[in-house]
Amino acid sequence: MSLRFPNPNRSLDPNQSRVCFWGYYSAIEITFYVETDALKRLCPEMNSVESGILQAFDIARQRIHEVADKVYERRSKNSCAYVLVAEDF
């Protein structure tokens, strides 16, 4: 069973320079963070203010979800939070 991403919400964590979003494996909620450097790789024209970062996430959402699913499968499933970095893309 792969992850599902029915929750379209995402939020910026400015202290950590990353966007938070959630995936679900059955009834288990898994938190993901995608670093702004990874978003910059996906959307080089990204503006570094909050609205630009969130817009870059929205533009690349499908690819981010695909990578999140692969990262979740590769890494230990004992964690409930995963960080996606530029090298994951």
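Can you find even one residue in the stretch 9-17 that is surrounded by 11 or more Cβ atoms within 10 Å (Cβ to Cβ), outside any strand (DSSP E or B), touching a strand residue (DSSP E or B) at 6+ places or on another chain (Cβ under 9 Å) and on the phi < 0 side of the Ramachandran plot?
So far as the stretch 9-17 goes, yes, one or more of its residues are surrounded by 11 or more Cβ atoms within 10 Å (Cβ to Cβ), outside any strand (DSSP E or B), touching a strand residue (DSSP E or B) at 6+ places or on another chain (Cβ under 9 Å) and on the phi < 0 side of the Ramachandran plot.
Out of the residues in the stretch 68-89 that are assigned to a loop (DSSP other than H, G, I, E, B) and of a type in the set (Gly, Ala, Ser), which is nearest to Ser26 (Cα to Cα)? Explain how you work it out, then say what you get.
As a first pass, look at the stretch 68-89 and keep what is assigned to a loop (DSSP other than H, G, I, E, B): 75-80, 85, 89.
Of the ones still in play, those that are also of a type in the set (Gly, Ala, Ser) are 76, 79.
Details: Ser76: 17, Ser79: 15 Å.
Filtering the stretch 68-89 for residues that are assigned to a loop (DSSP other than H, G, I, E, B) and of a type in the set (Gly, Ala, Ser), the one nearest to Ser26 (Cα to Cα) comes out as Ser79.
So, in the stretch 16-35, how many residues would count as being in contact with a helix residue (DSSP H, G or I) (Cβ under 6 Å, 6 or more places away or on another chain) and hydroxyl-bearing (Ser, Thr, Tyr)?
Of the residues in the stretch 16-35, 1 are in contact with a helix residue (DSSP H, G or I) (Cβ under 6 Å, 6 or more places away or on another chain) and hydroxyl-bearing (Ser, Thr, Tyr).
In the list Tyr33, Tyr24, which residue meets the criterion of being assigned to a strand (DSSP E or B), over 19 Å from Asp88 (Cβ atoms) and of a type in the set (Ser, Thr, Tyr)? Walk me through it before giving the result.
Details: Tyr33 fails: over 19 Å from Asp88 (Cβ atoms).
Step by step, each of Tyr33, Tyr24 is checked, and only Tyr24 is assigned to a strand (DSSP E or B), over 19 Å from Asp88 (Cβ atoms) and of a type in the set (Ser, Thr, Tyr).
For the stretch 18-39, which residues satisfy the criterion of being among the charged types (D, E, K, R), surrounded by 12 or more Cβ atoms within 10 Å (Cβ to Cβ) and more than 11 Å from the chain's Cα centre (by Cα)? So that I can check it myself, show each step before the final result.
So the first thing to find is which residues in the stretch 18-39 are among the charged types (D, E, K, R), and the list is 18, 29, 35, 37.
Add one more test, that the residue is surrounded by 12 or more Cβ atoms within 10 Å (Cβ to Cβ), and what stays is 18, 35, 37.
Asp37 - this is the single residue of the stretch 18-39 that is among the charged types (D, E, K, R), surrounded by 12 or more Cβ atoms within 10 Å (Cβ to Cβ) and more than 11 Å from the chain's Cα centre (by Cα).
Going by the conditions given, is Glu66 of a type outside the set (Gly, Ala, Ser) and over 13 Å from the mean Cα position of the chain (by Cα)?
In short, no.
If you scan the stretch 43-66, which residues turn out to be assigned to a helix (DSSP H, G or I) and surrounded by fewer than 18 Cβ atoms within 10 Å (Cβ to Cβ)? Can you show your working first?
We begin by selecting, within the stretch 43-66, every residue assigned to a helix (DSSP H, G or I); these are 50-59, 61-66.
Matches in the stretch 43-66: Glu50, Ser51, Gly52, Leu54, Gln55, Asp58, Ile59, Arg61, Gln62, Arg63, His65, Glu66.
Where a number appears in this text, it was derived from the coordinates with a stated rule and is not lab data. Remember, it's a predicted structure, so these values are computed and weren't measured experimentally. Counting neighbours? That spans all protein chains shown, and the Cβs are built from the backbone with ideal geometry, glycine included.
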